[in-house]
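Read-outs throughout are calculated quantities, based only on the coordinates presented, and are distinct from any laboratory measurement. Everything numeric here is computed off the predicted structure, so don't read it as measured data. As a convention, Cβ positions derive from the backbone with ideal geometry for all residues, glycine included, and neighbour counts pool all protein chains shown.
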Amino acid sequence: MTTTTFTNVQNRLRASRIPPVYAILAVVFVVGILLDMVFGRGQMTSPTILANILVRSVALGIVAIGQTFVMIGASIDLSVAYTISVTAVMSSFLMQGDPARVPMTILAVFLIGAVIGLANGLVITKLRVNAFIATLGTGLILKGLLNASFSNFTGSVPASFQTFGYGQLGPIPISIIILVVVAIIGGLILARTKYGAHLYGVGGNTEVARLSGLRTDRVIITAHVICSMTAVLTGLFVVSRLRSGAPWVGPDGLYDLESIAAVVVGGTALSGGRGGVAGTIAGVIIFGVLDTLFNQLGVDTFLKQVLRGAIIILAVASYTIRSRREAA
Amino acid sequence: MPEQNSVSPPVARPQDAPEQEPILEVRNITKRFPGVLALNQVSVQFNPGEVHAVVGENGAGKSTLMKVMAGAYLPDSGDILLQGKKVSFAHPREAQLMGVSIIYQELNLLPERTVAQNIFLGREPSRLGVIDNHALEQKTRAVLQELDYSGEISPQAMLGTLPVADQQIVEIAKSIAFDSKVLIMDEPTAALSGNEVEILTRLIERLKARGMAIIFISHRLIEVFEIADQITVLKDGNLVGTTPADAVTPEDVIRMMVGRDLDHYFPPLATAEEIGEVVLKVEQASNDLVRDINLELQAGEIVGVAGLQGSGRTFLAQSLFGVQPFKTGSLAVNGKVALVKSPNHAIELGMGYVTEDRKAEGILPNQSVRDNILLAIRALHSLLTRTQRNGVAKNPNLVPTLADEVDVRAASYDQELQYLSGGNQQKVILAKWLATTTKVMIFDEPTRGIDVEAKASIHDMIRDLARQGAAVLMISSELPEIIGMSDRIIVMWDNTIVGELPANASEAEIMLLATGHQNGNSKNAEQTGAK
């Protein structure tokens, strides 16, 4: 049966420490190329298209890395979309097209992001509000504040800042370099540092972590601050591509739900305690491939969403089947 | 007032070395929870190089005392002295750093992390926040080696893939790595089988020789008397007494624990007249878990199921109850032939199942006593039936009636089940099934982790259930319980039934079958019912 061979491949991959999602990515990619050759324009393998897939993945990728952190900690962050909006709006508002104001603005938005993350973390750990609800609330508060102050695109970022979004370092887009750097840093923090080990501990079993002496509150708060900071970085990327920010750029891009989807497709469990950046990146790329494929094939946008949803469900179901087999 | 017994406190005997200063001492510890005085002015001394058992009924305060000593609870009053100096632990971590470690019954490990990561959680060797993986591995090997286990457990193994006994070794290794002077263990042998218990015992001896003070809670008096040097008995939060193990007998200890003699430890077996028609008949049933099951249960009888860990006893229960339905063969309850498809189906057919792991499968911890008792019987009614507070339309007073019948001790019926002791939780589970008037009742380790007095009352209830006409299947790892309770004994091995023995068979006969040696008869003993 397809599911059995599929999970077998996944298991073998797991043994070699490559996240199983890469099997899904390979399948999706191959099937995509074939479909494109038969039904589309056969351009899926061209370097331009491939680069396009990656660049499209940068915005989602950066925030998904932050989301990976909180989800490993068995938490979740639904406020990222509005954090991205806030960043975009405040960037263009503060910079007003003036290159001299760029450094101060960047400092300001990261500070705002840190405060948002801190607020999320404190509400979740000290007030003991469920993470889903707490971050949903934060997001809505941000939405309200934004809409009260700004109704449309406001201000702009200087052209020099737009190199973040459009610039190239030789043949490689700068945005991709930034994504790779963030991914590597994130991955190393999770895999190699004490903080990473503690995060897996707190997410895997908070009681065990607490009894082992870990400061569980601090670990979760830090994860949320990290997540909000990656959202800020994505916001900066988005505004650098759009030239200006508006309150709806975050929710419009579905960064909240899609970052969560990318993380779970990548193999991180909603219940926390396992997963990682490598898997998330694969998840993000899978969505990028699907997007591009559907564009090439001229698939209706709504059908795209249907297929997207189906893939998320199937991927997570196959992981659940695998872990149930392992437990049995 | 704590009931003092007549056993004198430990005195240094002439051949001993001068009495050592206790490494850990608790003085007049008092701890209250909402509605219950868990510990009342309890004072005990624990000496280095000694194994000290703490026994008592469920609810006596043993776990609470351990948690106070380990820093998981703050006492309301009283002192803790470590090597003579007063200490106060604000957090379990502080206790650990000072050398007091505790191992809970539910292992405090992370299944998705490696052995090394688990042992050093929170204390990873690192430089500037980055973990030194080489040092981590080396230290883990060193620690496992001290336990003579480096060859068998790999530091890189994912903890969740190890068997429970090995996981417990890892927990112990965690304490060694902490350089503990005091190791507290809560029911360490509850989930272990014979061979594993021996390994743990030898480990405890080694730790004792190193000068560690070992404190453990156990309900298995046989083990307590084998391993412990000192025994402390608690009752209702009070200290009854502390005595050297060789100065008392198990009967003395039981008397101290409950305040009366338990002369009929097991209720009498069924007489031939009390055994009636065949209620459950299973023929050549198999599935992925068990194979070739042939079984007949008659009304009024208790059939004990014996077997080693891994022989498939729980699988049998799960198959009969529809958790993992049989795929082939036939099953009939009261003549009605139907392979049980699901637990709901099983309940409709009149079956009940008291599971092995009450925490995971038996209780709804956040729900009240009331709701737990009504759980199964509500399942029999349609979703549209109006729920009643204390029962169902036909029997509105179910809850108080059953709660009294099983003698549940709780502050009120609204109390959340997680706050009851294990023994009382088990009684509530029993009440739940009594409500549905079952014809076939399956018990899986009904008295595991339960104190002596509750054990006796549960045994009485099981026998009463049989007398009322139910057919009872009782799985147990305690051979005295099997021999004491069963009218017939079936033995499992390798996921099938390998033999049947009459009542009062010897432990040796049971063990012979349980270890895979077949008797002269056919491997599947159940061809005809009555003996």
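Rounded, prolate or oblate, given the Cα gyration tensor of chain B, with a/c below 1.5 counting as rounded?
prolate
Suppose a student asked you for the relative contact order of chain B, using Cα pairs under 8 Å spaced at least 6 residues apart; what percent would you report?
Relative contact order for chain B comes out at 16 percent.
Got a sec? How would B:TYR419, B:TYR73, A:TYR255 order by Cβ neighbour count within 10 Å, fewest to most?
The order, fewest Cβ neighbours first, is B:TYR419, B:TYR73, A:TYR255.
Extension gain A:ILE313-A:LEU254, at 0.36 nm per residue separation less the Cα-Cα distance, in nm?
Additional length available on full extension: 19.5 nm.
On a 0 to 90° scale, report how tilted helix B:133-146 is relative to the longest principal axis of chain B, with both axes built from alpha carbons and the result rounded to the nearest 10.
Result, in degrees: 80.
Over region B:56-121, calculate the relative contact order: mean separation of alpha carbon pairs under 8 Å at least 6 apart, over the residue count, as a percent.
Once divided by the residue count of region B:56-121, the mean separation gives 25 percent.
What angle do you read, to the nearest 10 degrees and between 0 and 90, between the alpha-carbon axis of helix B:422-434 and the longest principal axis of chain B?
10 degrees
Rounded, prolate or oblate: which fits region B:181-237 when a ≥ b ≥ c are the square roots of the eigenvalues of the alpha-carbon gyration tensor, with rounded for a/c under 1.5 and prolate only if a/b beats b/c?
Here region B:181-237 falls in the oblate category.
Under 17 Å from a point placed 7 Å out from the Cα of B:GLN418 along the Cα-to-Cβ direction: which residues of region B:93-129 have their backbone N that close?
Zone members listed by number: B:105-108.
So if we plug the beta-carbon distance of B:ARG409 and B:LYS85 into 1/(1 + (r/R0)^6) with R0 = 45 Å, what FRET efficiency do we get, rounded to 0.05?
It comes out at approximately 0.70.
Can you give me the Cα centroid spacing of region A:86-132 and region B:51-112 in angstrom?
Measuring centre to centre over Cα atoms gives 43 Å.
At 7 Å along the Cα-to-beta-carbon direction for both A:ALA148 and A:VAL31, put a label point, then send me their distance in nm to one decimal.
Label-label distance for A:ALA148 and A:VAL31, simple model: 4.8 nm.
Test of understanding: what is the full-extension gain from B:ASP288 to B:SER506, defined as 0.36 nm times their sequence separation minus their Cα-Cα distance?
Gain on extension, B:ASP288 to B:SER506, equals 75.3 nm.
Using the Cα centre of region B:363-437 as origin and beta-carbon charges of +1 (Lys, Arg) and -1 (Asp, Glu), tell me which of B:ASN424, B:THR436, B:VAL399 is placed farthest towards the positive end of the dipole.
So the residue we want is B:THR436.
Over chain A, what relative contact order in percent results from Cα pairs under 8 Å that are six or more residues apart?
34 percent
State which stretch of chain A is the longest one without any exposed trypsin sites (Lys or Arg not before Pro), exposure meaning a DSSP loop state and at most 13 other Cβ atoms within 10 Å.
Longest site-free region, per DSSP loop and neighbour criteria: A:129-328.
According to the square roots a ≥ b ≥ c of the eigenvalues of the Cα gyration tensor, what is the shape class of region A:2-327, taking rounded for a/c under 1.5, prolate for a/b larger than b/c otherwise, and oblate for the remainder?
Cα axes put region A:2-327 in the oblate bin.
Highest GNM mean-square fluctuation, chain A, Cα pairs closer than 10 Å: which of A:ILE184, A:ILE65, A:ILE226?
Maximum among the listed residues: A:ILE184.
Report D for the protein assembly as shown in µm² per second (integer): Stokes-Einstein, Kirkwood Rh on Cα pairs, 37 °C, 0.692 mPa s.
106 µm²/s
Name the most mobile residue of A:GLY245, A:GLY113, A:GLY187, meaning the one with the largest mean-square fluctuation, in a Gaussian network model of chain A with Cα contacts below 10 Å.
Checking each option, the largest mean-square fluctuation is seen for A:GLY187.
Using the Cα centre of the protein assembly as shown as the reference point, and only Cβ charges (+1 on K/R, -1 on D/E), how large is the resulting charge dipole? Debye, rounded to the nearest 20.
Here the protein assembly as shown has a charge dipole of around 3660 debye.
What is the spin-label model distance, in nm, from B:ASP246 to A:LEU122 if the labels are put 7 Å beyond Cα along the C-beta direction?
Taking the two extended label points, one gets 6.3 nm.
Among A:GLY253, A:GLY288, A:GLY121, which one shows the highest mean-square fluctuation when chain A is modelled as a Gaussian network with alpha-carbon springs under 10 Å?
For chain A, modelled as a Gaussian network with Cα springs under 10 Å, the answer is A:GLY253.
Return B:THR436, B:THR249, A:THR138 ranked ascending by Cβ neighbour count within 10 Å, so the fewest neighbours appear first.
In order of increasing Cβ crowding within 10 Å: B:THR249, B:THR436, A:THR138.
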